[in-house]
Amino acid sequence: MRIKRSVLAPVAVVSLAMLTGGWLLQRGVRQEQNVYLQVRLLQEVVSHIADKYVREIPATQLYHDAIDGVISGLDDPNTTFLTAEEWENLRIRTEGEYAGLGIEIGVRNRWVTVITPLPGTPAERAGLRAGDRIIEVAGQSTEGWNVDQAARAIRGPRGSPIEIKVLRPGVDEPIPFRMVREQVQVHSVPFHLEVSDGIGYVPLRAFSESSVEEVRDALTALRNEGATGLVLDLRYNPGGLLESGVAIADLFLPRNVPVVETRGRVANSNQVLNSRGGETYSGRPLVVLVNDFSASASEIVAGALQDHDRALVVGTPTFGKGSVQTLFPLSGGNVLKLTTGLWYTPSGRSIQKDAGSEPDPSEVDEVAGLGAGTRSVTGELVQRPDSTSRQAFQTRGGRTVYGGGGITPDLVIYPDTLTQAEQRSFRELVRSSVFGETLFNFAVRHVRENPNITTDFRVTDAVRRQFFTALREAGATIEWDVVSQAGRFLDYQLETEMAAQKWGPEQEFRHGMRYDRPLQEAIDLLRQASSPSELFTAAGRRNGQRPGGNGGRN
């Protein structure tokens with residue numbers, strides 16, 4: 001009897017499986033659409049590999065590899081699977097006594113890319129720049145990494161060293177950096193000031209829990225000092241807390257108007273976030289400055305103020321990070337961070353830029369129509385985005401704005417660019433891994449040895465020669481011609497670093513203002529306007545078209 005039961009049992013199971021499969025097929029469920037058959041297929045493949053492959057591979061690893069394959073197929077750097085160990089390490093490093101380099105990062109063209117180095121951090125002192133591609137961390141290639149993987153690798157105990165390699169657009173060879181991790185704390189608003197008679201300036205570096213209070217305090221102080229026009233600078237702002245972004249938009253918008261909308265595939269992913277507080281700074285013309293490293297919450301604020309005709313957006317098209325991630329706890333303590341929706345501005349523009357739609361900085365060396373150079377005076381890469389597929393939308397007041405990912409400014413103003421000779425010197429200078437550290441050390445020593453230096457100082461030829469000597473002493477194999485021909489790039493670097501070391505971030509900014517073409521354009525427009533409508537009219541004249549258009553290029 002035992003023999004009969006052992007024979008009949010598998011026959012019964014097979015018969016049941018065949019009947020069930022036939023029933024499913026009769027119900028119109030094709031085999032490749034039947035999730036149960038697909039799961040079984042995956043189990044069979046894993047089982048055969050685990051049992052019979054020439055090398056022994058744990059089944060757990062095979063399942064994790066399968067999960068990674070599914071996620072990589074989404075081509076979404078913001079969707080990630082975190083094992084229980086990875087999630088716990090990330091939580092500890094984020095909340096505990098761990099530190100980093102002070103860089104905001106994103107993913108572009110499958111590579112970890114610096115969005116901005118934060119002020120006063122190891123990354124800034126070492127000379128990391130927006131747009132730098134981090135190609136190695138501690139000897140490991142970062143190709144294909146997502147943001148979470150990069151964050152786990154870069155963070156670590158305070159005081160611990162880390163080595164990375166950076167590929168800088170326009171520089172042939174990777175640049176090595178060795179830094180020491182520090183605890184990083186950055187104010188959202190490092191300073192505020194009057195940049196011209198009656199024109200206030202507020203730089204917002206991130207959206208944190210304190211951002212709303214810091215921005216409100218700065219705006220109130222400027223208003224009390226008599227500012228009638230305002231500049232809100234969101235350039236190099238990588239985003240942060242959504243609630244902070246909505247609250248900052250609240251300061252400039254009337255009560256109960258849409259700030260941003262999220263749309264997803266499932267019903268609970270769809271919502272509209274409205275303003276709640278009511279406009280605090282009504283009537284004052286406002287310019288919002290953005291660039292291609294303004295991301296996430298920065299794009300939400302800029303898009304909302306643009307769509308409600310509350311601010312004129314000036315600069316270059318933004319990063320295009322407009323997706324929503326939700327954390328899903330999984331069995332075994334694992335966590336899935338999944339993109340569940342996309343952010344849309346009040347006019348219906350998607351903020352998310354399609355993967356691969358932006359140019360690859362490593363392949364861009366010349367940009368037509370931008371003068372003699374493709375590097376800004378500050379050393380950033382200047383590149384023209386593709387605007388052939390932009391879709392037109394209408395603001396609340398009937399102005400034309402454009403979609404296609406990111407926020408396209410009302411007035412596109414590119415930074416002033418270097419001459420070809422200055423660019424050649426730039427490449428030679430930054431190719432040396434000691435340039436950033438030498439610049440920092442030189443500035444510290446220079447202001448210490450020149451205590452009577454005044455705020456209106458300028459870099460002289462004698463100072464450039466002293467810096468050249470410092471570079472050679474630090475091990476740079478560089479000739480004087482390179483330094484002497486670096487022109488505005490080197491003068492900007494030396495002046496702003498010295499001002500920062502002597503007086504702090506406000507004077508650092510003031511010394512950089514004369515090199516800042518988008519800001520100068522914003523100041524000029526605000527001088528012509530006493531209301532938002534007059535500001536749009538002035539911008540229309542600047543564009544050579546009807547008010548509010550954005551066809552002008554510079």
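If the condition is being hydrophobic (A, V, I, L, M, F, W, C) and within 16 Å of Asn543 (Cβ to Cβ), then region 312-326 contributes Leu312, Val313, Val314. Scanning region 426-460 for residues that are closer than 12 Å to Ala486 by Cβ and free of Cβ contacts under 8 Å to residues at least 60 places away in the same chain gives Glu428, Val459. For region 348-377, the candidate set comprises residues that are crowded, with 19+ Cβ neighbours inside 10 Å and small (Gly, Ala, Ser); within that set, the residue that is modelled with the highest pLDDT is Ser350. Could you check, for region 382-402, whether at least one of its residues is buried (at least 18 other Cβ atoms within 10 Å of the Cβ), under 25 Å from Met498 (Cα atoms), outside the structural domain of Val314 (by TED's automatic domain parsing) and among the aliphatic types (A, V, I, L, M)? No: region 382-402 contains no residue that is buried (at least 18 other Cβ atoms within 10 Å of the Cβ), under 25 Å from Met498 (Cα atoms), outside the structural domain of Val314 (by TED's automatic domain parsing) and among the aliphatic types (A, V, I, L, M).
Results for (1) out of contact with any His (no Cβ under 9 Å at 6 or more places or on another chain); (2) not acidic (Asp, Glu), shown as yes or no for each residue.
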{"position": "Phe440", "(1), (2)": "yes, yes"}
{"position": "Ile453", "(1), (2)": "no, yes"}
{"position": "Gln466", "(1), (2)": "no, yes"}
{"position": "Ala474", "(1), (2)": "yes, yes"}
{"position": "Asp481", "(1), (2)": "yes, no"}
{"position": "Asp491", "(1), (2)": "yes, no"}
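The residue of region 328-347 that is modelled with the lowest pLDDT, among those that are in a loop (DSSP other than H, G, I, E, B) and buried (at least 16 other Cβ atoms within 10 Å of the Cβ), is Asn334. For region 261-274, the criterion of being in contact with a Phe, Trp or Tyr (Cβ under 8 Å, 6 or more places away or on another chain), surrounded by 18 or more Cβ atoms within 10 Å (Cβ to Cβ), closer than 18 Å to Ser298 by Cβ and without any contact (Cβ under 8 Å) to a residue 40 or more places away in the chain is met by none of the residues. Count of region 263-294 residues, restricted to those that are within 24 Å of the chain's Cα centre (by Cα) and part of a loop (DSSP other than H, G, I, E, B), is 5. With the condition kept exactly as written, say whether any residue in region 435-450 is in contact with an Asp or Glu (Cβ under 7 Å, 6 or more places away or on another chain) and either not in a helix (DSSP H, G or I) or not small (Gly, Ala, Ser) (or both). Checked region 435-450: at least one residue is in contact with an Asp or Glu (Cβ under 7 Å, 6 or more places away or on another chain) and either not in a helix (DSSP H, G or I) or not small (Gly, Ala, Ser) (or both).
Residues considered: Gly320, Gly315. Of these, the only one that is closer than 23 Å to Ala130 by Cβ, surrounded by 15 or more Cβ atoms within 10 Å (Cβ to Cβ), of a type outside the set (Phe, Trp, Tyr) and at pLDDT 95 or above is Gly315. Cβ-Cβ contacts under 8 Å between residues 6 or more apart (or on different chains), taken from a first residue in region 395-413 that is closer than 19 Å to Ala295 by Cβ and of a type in the set (Phe, Trp, Tyr) to a second residue that is modelled with pLDDT of 95 or more and assigned to a strand (DSSP E or B), are listed as Tyr402/Phe393. Scanning region 296-304 finds no residues that are surrounded by fewer than 24 Cβ atoms within 10 Å (Cβ to Cβ) and not in a helix (DSSP H, G or I). Inside region 527-541, residues that are under 18 Å from Gly315 (Cβ atoms) and touching a helix residue (DSSP H, G or I) at 6+ places or on another chain (Cβ under 7 Å) make up a count of 4. The sole residue among Glu449, Glu380, Glu473, Glu479 that is acidic (Asp, Glu) and at pLDDT below 90 is Glu380. In region 155-186, the qualifying residues are those that are at pLDDT 85 or above and hydrophobic (A, V, I, L, M, F, W, C), and the one that is surrounded by the fewest Cβ atoms within 10 Å (Cβ to Cβ) is Val180.
The rows are residues; the columns are (1) over 26 Å from Gly333 (Cβ atoms); (2) modelled with pLDDT of 90 or more; (3) in contact with a Phe, Trp or Tyr (Cβ under 8 Å, 6 or more places away or on another chain).
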site	(1), (2), (3)
Arg27	yes, no, no
Gln31	yes, no, no
Val35	no, no, no
Val39	no, no, no
His64	no, no, yes
Ser72	no, no, no
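Thr438 satisfies every condition listed in (1) under 27 Å from Pro174 (Cβ atoms); (2) at pLDDT 95 or above except (2). Of all residues assigned to region 142-154, none qualifies as being out of contact with any Gly (no Cβ under 9 Å at 6 or more places or on another chain), assigned to a strand (DSSP E or B) and at pLDDT 85 or above.
The values are calculated or read from the model by the stated rules, or taken from the named source; none is laboratory data. All values reported here derive from a predicted model rather than from experimental measurement. All Cβ positions, glycine included, derive from the backbone under ideal geometry; neighbour counts span all protein chains shown.
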